[in-house]
Amino acid sequence: MKIVEITKDTLISAQREGYTVLITKFNSDPLNPIWIFDKVEKEKIESSKERLSESYQLCYSIKEAINTIDSHPFIGKLQLSN
C-alpha cells in the first residue's frame, strides 16, 4: 500500500476508475486522517455518510471533492491499494 497526497489529478483518476467516494479509515487520526477510495452507488452516498458518521468516519463524494479541492484542500493522506 502506498500513502500519497490528495490531489485533483488523483481524484480525477479515481473517478475514471469508477470510484465515487473518499472515506476516512476506521480509527484514523482526526487531525491527520488516512483516506481511501470506495465505490458507493450515487443514490446511497448520503446514507453512507450518515452510517459512517456513527463510527466517527467521514465520507465525501469524489465529484464534490474535485469541484472544491482548489479552494478547500484535504487534510490527511490517501492510501492507495496498489
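Where nothing but the Cβ of Lys and Arg (+1) and of Asp and Glu (-1) is charged, how large is the charge dipole of the chain around its Cα centre, in debye to the nearest 20?
Using Cβ point charges on Lys, Arg, Asp and Glu, the chain gives about 180 debye.
Counting heavy atoms of the protein chains only and a 1.4 Å probe, report the per residue accessible area for the range 5-44 as a whole number of Å².
On the way: 2720 Å² over 40 residues.
For the range 5-44, the per-residue accessible area is 68 Å².
Counting DSSP beta bridges with both partners in the chain, what percentage is antiparallel, nearest 5?
On the way: 10 of 12 bridges.
DSSP beta bridges in the chain are roughly 85 percent antiparallel.
Write down, largest first, the equivalent ellipsoid semi-axes of the chain in whole Å, where each equals the square root of 5 times an eigenvalue of the alpha-carbon gyration tensor.
Whole-Å semi-axes of the equivalent ellipsoid: 17, 16, 12.
In the chain, what percent of the accessible surface is made up of carbon and sulfur (1.4 Å probe, ligands and nucleic acids excluded)?
After summing per-atom areas, the C and S share lands at 52 percent.
Quick one: compute the contact order of the range 26-76, relative version, from alpha carbon pairs under 8 angstrom and 6+ residues apart, as a percent. Display every interim value, and only then the final one.
On the way: 23 pairs, mean separation 25.6, N = 51.
That works out to 50 percent.
The values are calculated or read from the model by the stated rules, or taken from the named source; none is laboratory data. Here the structure is a predicted model, which is why all the values come from computation and not from measurement. Note that we place each Cβ from the backbone using ideal geometry, even for glycine, and neighbour counts take in every protein chain shown. Note: areas computed on protein heavy atoms with side chains; ligands, DNA, RNA excluded. Shrake-Rupley method; radii C 1.70, N 1.55, O 1.52, S 1.80 Å.
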